[in-house]
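Notes follow once the structure below has been shown.
Throughout, read-outs are computed from the coordinates displayed, never taken from laboratory work. Computed from a predicted model, the values in this text were never measured in an experiment. When we count neighbours, we look across all protein chains shown, and the Cβ atoms used for this are built from the backbone with ideal geometry, even at glycine.
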Amino acid sequence: MAEYSRVKSTKLVLKGSNKGKKKKNKDKKRKGTDDEAKLDIVGGWWCVSGFGEIAGTIAIEMQNNSYIHALDTGLFTLGAPHKDDEGPDPPEQFTAVKLSDTRVALKSGYGKYLGINSEGLVVGRADAIGAREQWEPVFQDGKMALMGANSCFISYSDDGDIVASSKTAGDDQMLKIRTSMEREVKHKDDLADEDRGNVKSCEVNYVKKFQSFQDRRLRVNEDDSTTLKKARTDGKFHEALLDRRSKMKADRYCK
């Protein structure tokens, strides 16, 4: 928990107002309370209903009041149930990074990106976003599931681990993503700063971010960037950027 400790008016009432208006205000207040109940808010954390609402700090609820919990080993499990008015603990909070119109990356409080290994086990040990660190939230009929890079949905295994092993989304794969972001904030453009602009400028942005700069020279791959445009459309943009940087042998994550 030590690592997480470092991570992160009323209206004017005029004299002489009649009772009818007062009753109307009460009805309005009651309606507002009902609306909050419909929003499914727990301890200030509300359940998202669409991809555009996934931004900032989020938590993944897999069972009633139980959230995916990050361990210092890089693995994940299901945390202990919370009270009805309690939000997720710090190890149960993740940072969502939007990668495209359908995919996000998730970073734990330990500064590592969540991904999957060859056996479908969810792990958080990556310093950069690759193909295995991309997730696709799937919404249907008011429910949602989270699909990994292996086209499988995540769930809680009998061994106590979080895994992505089911090709179909049943009851065990249903979950909720909660956020503490203000609902009034619009999320039309939540792309990371490095992902803004055309593919060439994005590549330069990521080179500046990850290059080791041993000789203080910017090393950008001069090969044709057409493949980057296709990769961006296919949702494999960051993987393609990583491959291009690895060929330059100047990226501290590509050695």
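Tell me, in nm to one decimal, what length is gained between LYS209 and GLN63 on full extension, where the rule is 0.36 nm per residue of separation less the Cα-Cα distance? Full extension from LYS209 to GLN63 adds 48.8 nm. Take the Cα of ASP224, step 7 Å toward its Cβ, do the same at ASP72, and the gap between the two points is 5.1 nm. Applying both filters, DSSP loop and at most 16 other Cβ atoms within 10 Å, to the GluC sites (Glu not before Pro) of the stretch 57-153 gives GLU86, GLU119. Approximating the spin labels as points 7 Å out from Cα along Cα→Cβ, the SER49-to-VAL138 distance works out to 2.2 nm.
Spin-label model, ALA192 to THR102: label points 7 Å out along the Cα-to-beta-carbon direction sit 2.1 nm apart. Look at the alpha carbon pairs under 8 Å that are at least 6 residues apart: their mean separation over the length of the stretch 42-179 gives a relative contact order of 26 percent.
Our summary gives the stretch 72-116 a relative contact order of 25 percent, counting only alpha carbon pairs under 8 angstrom and 6 or more residues apart. Rounded, prolate or oblate: which fits the stretch 42-179, taking a ≥ b ≥ c as square roots of the Cα gyration tensor eigenvalues, rounded meaning a/c under 1.5, else prolate when a/b beats b/c? Rounded shape, in that the Cα axes give a/c under 1.5.
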